[in-house]
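Take a look at the structure set out below.
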Amino acid sequence: MRVTMNWARIATLTAVIALLPSLAEAQQAVKIGLGAPTLSFLPIWSGRALDTFKPQGLTATVAALPGGDASALAALDAGDIDLAAVGPDSMLRAAAKGQPFEIVYSLMSKVTLQLVVSKDFLERTGVKPTDPMQKRLAALKGATFGATALAGAQEAAARWLAGQGGLDPKNDIKVAQIGSPVAIQAALEAKRIDAYVLSPPEGFLSEKAGSGVVLVSMGDEFPLLARQPYLVLVAKKPISPAASELINKTVVAMQAASKAVLEKPAETADAIQKQFFAKADPQAITSAVKSMSNGVADLGKIDVDGMKNALTFNKEVGNNFGKEFDAMATKDDLWTNFFVDGAKAK
């Protein structure tokens, strides 16, 4: 009898082991390509740190692809990833060329860039963060900005800010290619540059090091920049029923992650820091998450006015897509709330 029971247990154990691959396969993979591994893609970081994908039966695979947004969109077009997390300018540039993409979620609904200037700059110009905006920006005349690359988003934002201060964007400031944010921080401390434009936590790090001060938080101080899809999740059209189901689940996970950011920013920041930025200053990650939290408050929703703001800003910084886009006319073609509204209804 005992032998029979032992054989029964072995048979049961064997059956369970045989089922393990099937149980693992029950978790569906969603592959997301990142244009850049910045903290501004907040719902992705918080979703992975808190594993909000798991209740949806998903395993999120996220990769920052060499080559930035263009590489992420190319991988999406080739079917190598399910969704691309990029800036809307890259998506619109591709759409203008006839590539079949659609924005399905706003990952960050405000411009997160901050203008950071050196302490030496403040002393030289006498300007203060509490001064009126016009005075702060007019003081940039003759300033040298450090950037990761020339002719990129950082340079475009710097020249836009100069223009907002009544300066000549082309001639009244200089932009030098420095490299990574770490190199830019070092250049500011060494007084090789006067300023830079980057997203959190860089401003916090400069202030903590005593080398710089946040002079302007762009998305908090300009109405045009406070409400627009700044970073987005893009799908390839036509969206099949299977892809639609996957996007639905992903959006639910993103919204759960964004709610956690809003309700428990410190705890969420702690989870992000421990899992993905272990060498980073925990205070810097917490500060960054809190400063960007209002950018996820709409839980991925885009509206016509926000899309208009994004198109206007892109035009003002000189992004020429080779085609004019109308915010209203492109709804449910280049951008949609179909998945966001469906997830909120659950």
Problem - Within the stretch 225-252, considering residues that are under 25 Å from residue 74 (Cβ atoms) and among the small types (Gly, Ala, Ser), the one surrounded by the most Cβ atoms within 10 Å (Cβ to Cβ) - result: 235
Handout entry: Out of 130, 125, 144, sole residue that is farther than 16 Å from residue 291 by Cα, open to solvent by 60 Å² or more (accessible area, probe 1.4 Å) and not small (Gly, Ala, Ser)
Key = 130
Problem - Odd one out for residue 146 among (1) modelled with pLDDT under 95; (2) farther than 24 Å from residue 253 by Cβ - result: (1)
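So that you can scan it fast, the table gives a plain yes or no per residue for (1) surrounded by fewer than 20 Cβ atoms within 10 Å (Cβ to Cβ); (2) not polar (S, T, N, Q):
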| site | (1), (2) |
| --- | --- |
| 254 | no, yes |
| 263 | yes, yes |
| 272 | no, yes |
| 278 | yes, yes |
| 283 | yes, no |
| 289 | no, yes |
| 298 | yes, yes |
| 302 | no, yes |
| 308 | yes, yes |
Handout entry: Counted residues, the stretch 54-103 - those being under 19 Å from residue 43 (Cα atoms) and of a type in the set (S, T, N, Q)
Key = 3
Completion exercise
So, first residue among the β-branched types (Val, Ile, Thr) in the stretch 58-80, second residue part of a helix (DSSP H, G or I) and surrounded by 14 or more Cβ atoms within 10 Å (Cβ to Cβ), Cβ within less than 7 Å, six or more apart or across chains; the pairs are 62/44; 62/48
Handout entry: Qualifying residues in the stretch 312-346 (those that are closer than 23 Å to residue 153 by Cβ, free of Cβ contacts under 8 Å to residues at least 60 places away in the same chain and not polar (S, T, N, Q)) - the one surrounded by the most Cβ atoms within 10 Å (Cβ to Cβ)
Key = 327
Completion exercise
When restricted to 118, 106, 206, the only residue closer than 30 Å to residue 341 by Cα and surrounded by 23 or more Cβ atoms within 10 Å (Cβ to Cβ) is 106
Problem - Pairs where the first residue, in the stretch 25-44, is free of Cβ contacts under 8 Å to residues at least 40 places away in the same chain and the second is surrounded by fewer than 23 Cβ atoms within 10 Å (Cβ to Cβ) and part of a loop (DSSP other than H, G, I, E, B), C-beta under 8 Å, 6+ apart - result: 26/57; 27/57
Exercise for the section: Examine the stretch 310-332 for a residue that is within 21 Å of the chain's Cα centre (by Cα), within 17 Å of residue 87 (Cβ to Cβ) and β-branched (Val, Ile, Thr), and state whether such a residue exists. Expected result: yes
Handout entry: Complete set of residues in the stretch 32-70 that are open to solvent by less than 50 Å² (accessible area, probe 1.4 Å), assigned to a loop (DSSP other than H, G, I, E, B) and more than 21 Å from residue 89 (Cβ to Cβ)
Key = 52, 53, 57
Practice task
Filter the helices (runs of 4 or more DSSP H) completely within the stretch 121-239 down to those with at least 1 residues that are polar (S, T, N, Q).
Solution key: 133-138, 153-164, 181-189, 202-209
Fill in the blank from the handout: Residue set 81, 178, 173; condition farther than 25 Å from residue 34 by Cα and surrounded by 15 or more Cβ atoms within 10 Å (Cβ to Cβ); output residue 173
Fill in the blank from the handout: Per the filter on the stretch 97-115, residues over 18 Å from residue 332 (Cβ atoms) and not in a loop (DSSP other than H, G, I, E, B) are 107, 108, 114, 115
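The values are calculated or read from the model by the stated rules, or taken from the named source; none is laboratory data. No experiment lies behind these values; they were computed from the predicted model shown. Quick reminder, even Gly has a Cβ in these numbers, built from the backbone with ideal geometry, and neighbours come from all protein chains shown. Just so you know, the surface numbers come from the protein's heavy atoms only, side chains and all, with ligands and any DNA or RNA stripped out. Shrake-Rupley method; radii C 1.70, N 1.55, O 1.52, S 1.80 Å.
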